[in-house]
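The values are calculated or read from the model by the stated rules, or taken from the named source; none is laboratory data. Because the structure is predicted, anything quoted here is derived from the model rather than measured. Cβ placement follows ideal geometry from the backbone for every residue including glycine, while neighbour counts extend to all protein chains displayed.
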């Protein structure tokens, strides 16, 4: 397949809307969408319908896009894509969606992407099963790849996702400022899967070690950046764009970058925020509003934007060893887009 | 490794207690137990502790025992065992345990094997995560096997487990007598994993097609038999031996073999049972007691014992192509033991 022309040329316009940015892999993503809606497990129409409803709820499809771009950027025949790469993209989104469905049960969330969650729409029971079913679909895809190293990488990703959630559950209302733990949690929750997708695309292409390591590093740094921006949006977003209420992390005692930047100081705002958390006042609407404004007035937002920017720059830097192409440029532009996203 | 002497020789004594029966693979099972308690995902002591608590609750370890026996029965060096076979045994039990932990969330069960369930002891949230973590541990084991066909087999098993549960949820209080559906559900819920373990042991040993097919067929028939006996115990067991109340399937509107045998007739007991189900009277203790006695007096128990016996005989028959050994004899004896188990 030849390189496609994009209506939004990512080489020159570094930031534009995601849909235009992903134009070079639009047809690939359409194919991924068909796969996501396929019942790979059995021929039950009810199961097919459930899958359809889960994926109709949408999503940015960042993870499959990363796989597809990484694959086309490092293909032996420049810009080409094998069917195994499509399956890898599908598998990566399946694991992400499965973990979201289970997260929503765990958090008793009722909205996701502005739509009712599976647990809310049907029941916790069915949400547990649908999450498992998505993991099963992912396993079937993994088997189709017939690639033992990739099975190992994704096995570790599944473990990281669980470890991240369990760690997060245990760290609610833990106020010690520990940046290493925060970054580690971002890796477990998000960056591990981003890195797995990018690295595995290179493995399937039989890339040399440099390209392989470059893509893994890119995925890791981009994933950390993505999670930091996610944490930021919990402070700056609104329920219209986010599909959930702002401040929900803080209200649950989850201390992310914007709050950490304030808490690490020895001043009055730090003390006030600490008190609101220690007394669980953040669990009330008034307490939460107070806490959000302390973080916002205390420079927590700007410092977090800067931190995310550093990881985005490291992600871009990691791409250097790759041969220049429209796809490499798009990967680069994605890191810029991340910093501007509002949902 | 040479064949070990068993204190209960399964060749001559076809039925004895499970522990004696499994004596030929006792040391292997001890090693499996160590693996089950290992944290393969990260180095968190909390996660290691959770795993420990899940596996300390016990279990019969039938599935790993099947893998170990099938492996030793078909080894190129007779009676030997590779470390990959141990990992296969561990993986099989991990998948089983993960699905039990999630089933208990789905059924809001508070007792399992006479002990508090994970969801009851901690919370539904943690139970969802622990189930996912066990699936992740299984994926790590699967990766260690580096065997694409086995990845495919286990991917399908995961799908079957979910499909079976979803189908079961939807068939509550569906009174149409459909034996094919009942057997299919038994395959999805139980026999698929039994067959996968036995077949994969043969694959790892590089067995010829006959031994391979024989073990798959054995696992399938034994698994169906196991599920039928499970369904039977729900009618005949008590909370002391089962670790849950008798009749709980029927109270939830799950129509299994003993009830199917009564419902398929056109007589008064069939009509009475149908009415108790249609009116949901089985959900009350009095209605349930009535329904259980209709099934018991209507010959449902005896007919189910006979059905289980047929599958046990087919399982034994399937083993014929294997070279005679202590391990093949033990597999054969296991089918007899199944018919006498009380928990």
Filter segment A:184-217 down to the residues that are within 26 Å of residue A:280 (Cβ to Cβ) and away from chain B (no Cβ under 14 Å) and list them by number. A:186
Subset of segment B:184-203 [surrounded by fewer than 21 Cβ atoms within 10 Å (Cβ to Cβ) and closer than 20 Å to residue B:80 by Cα]: B:203
For segment B:274-297, check the following and say yes or no: at least one residue is closer than 29 Å to residue B:157 by Cβ and over 18 Å from the mean Cα position of the chain (by Cα). no
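Just the residues that are under 22 Å from residue B:114 (Cα atoms), surrounded by fewer than 21 Cβ atoms within 10 Å (Cβ to Cβ) and more than 14 Å from chain A (Cβ to nearest Cβ), please, taken from segment B:31-54. Spell out how you get there, then give the answer.
Here is the first cut: in segment B:31-54, the residues under 22 Å from residue B:114 (Cα atoms) are B:33, B:36-37, B:49-54.
Next, only the ones that are surrounded by fewer than 21 Cβ atoms within 10 Å (Cβ to Cβ) stay: B:33, B:37, B:49-50, B:52-53.
Selection gives B:33, B:37, B:52.
Is segment A:190-212 home to any residue that is part of a helix (DSSP H, G or I), under 20 Å from residue A:156 (Cβ atoms) and modelled with pLDDT under 95?
If we filter segment A:190-212 for residues that are part of a helix (DSSP H, G or I), which is where we start, we get A:190-204, A:209-212.
Cutting the leftovers down to under 20 Å from residue A:156 (Cβ atoms) gives us A:190-204, A:209, A:212.
Narrowing further to those that are modelled with pLDDT under 95: A:209, A:212.
Among the residues of segment A:190-212, at least one is part of a helix (DSSP H, G or I), under 20 Å from residue A:156 (Cβ atoms) and modelled with pLDDT under 95, which makes the answer yes.
With segment A:240-343 as the region, which helices (runs of 4 or more DSSP H) entirely inside it contain at least 3 residues that are modelled with pLDDT of 95 or more?
Numbers: elements: A:248-251, A:257-263, A:268-278, A:285-297, A:300-318, A:326-340.
Correct list: A:257-263, A:268-278, A:285-297, A:300-318, A:326-340.
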Among the residues of segment A:298-329, which ones are closer than 21 Å to residue A:341 by Cα and more than 23 Å from the chain's Cα centre (by Cα)? A:299
Odd one out for residue B:58, checked against (1) part of a helix (DSSP H, G or I); (2) more than 8 Å from every other protein chain (Cβ to nearest Cβ); (3) at pLDDT below 90: (1)
What residue, among those in segment B:154-183 that are in contact (Cβ under 8 Å) with a residue 40 or more places away in the chain, in a helix (DSSP H, G or I) and away from chain A (no Cβ under 13 Å), is surrounded by the fewest Cβ atoms within 10 Å (Cβ to Cβ)? B:179
Taking segment A:75-129 as the region of interest, how many residues are surrounded by 24 or more Cβ atoms within 10 Å (Cβ to Cβ) and at positive phi? 0
